[in-house]
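Read-outs: derived from the displayed coordinates by stated rules, not from any lab. No experiment lies behind these values; they were computed from the predicted model shown. Every residue, glycine among them, receives a Cβ derived from its backbone with ideal geometry; neighbour counts consider all protein chains shown.
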Amino acid sequence: MKIQELVSYLVENPSTLNQIANGNASLLHVDQETASIIVDGFQKEDVIKAIIWATA
């Protein structure tokens, strides 16, 4: 699976992202380092959105 397809899936299925972040699920054919980078990217995006909304 391409990373782009994986990210699209996680955008459409945020509960899966939460399960991965909590260590209750894993991404097949994705090493742990790459999975951590993907989860961190989503979490940082959420923080940025929260800051933008708070200052709007």
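Numbers for the structure displayed
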{"item": "Residues Lys2, Lys44 arranged by fewest to most Cβ contacts within 10 Å", "result": "Lys2, Lys44"}
{"item": "Nitroxide proxy distance, nm - points 7 Å out along Cα→Cβ at Glu5 and Thr34", "result": "1.2"}
